[in-house]
Amino acid sequence: MTPYRTLAIDGLKIFHREAGDPALPTLPLLHGAPASSFMYREPIERLAHRFHVIAPSA
């Protein structure tokens with residue numbers, strides 16, 4: 001299961017899913033409205049062995 005995290009940037013809290021080793025290349029998975037990071041739950045798990053995957057949520 002992909003962990004949920006919250007990242008604070010300039011006082012703005014950003015909810016996202018994250019998987020993989022942060023030492024690996026980072027692969028951001030972006031979505032359009034009205035979708036959310038939920039649509040990436042399976043690809044995140046499959047990509048996590050090769051990338052540090054981050055998917056912001058809406």
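The values are calculated or read from the model by the stated rules, or taken from the named source; none is laboratory data. Quantities reported herein were computed from a predicted structural model and do not represent experimental measurements. Positions of Cβ are generated from backbone atoms using ideal geometry, with glycine treated the same way; all protein chains shown enter the neighbour counts.
Name the residue, out of Leu30, Leu7, that is surrounded by fewer than 15 Cβ atoms within 10 Å (Cβ to Cβ), modelled with pLDDT under 90 and not in a strand (DSSP E or B).
Result: Leu30 is the single residue among Leu30, Leu7 that is surrounded by fewer than 15 Cβ atoms within 10 Å (Cβ to Cβ), modelled with pLDDT under 90 and not in a strand (DSSP E or B).
Being part of a loop (DSSP other than H, G, I, E, B) and either closer than 11 Å to Arg17 by Cα or more than 11 Å from the chain's Cα centre (by Cα) (or both) is the filter here, so list the residues in region 41-50 that pass it. Step through it out loud before you land on a result.
Let us first name the residues in region 41-50 that are part of a loop (DSSP other than H, G, I, E, B), namely 48-50.
Listed by number, the residues that qualify are His49, Arg50.
Pairs, please: C-beta under 8 Å, at least 6 apart or cross-chain, first residue in contact (Cβ under 8 Å) with a residue 12 or more places away in the chain and acidic (Asp, Glu) and in region 9-33, second surrounded by 10 or more Cβ atoms within 10 Å (Cβ to Cβ) and not in a strand (DSSP E or B)?
Partner pairs satisfying both residue conditions: Glu18/Thr2.
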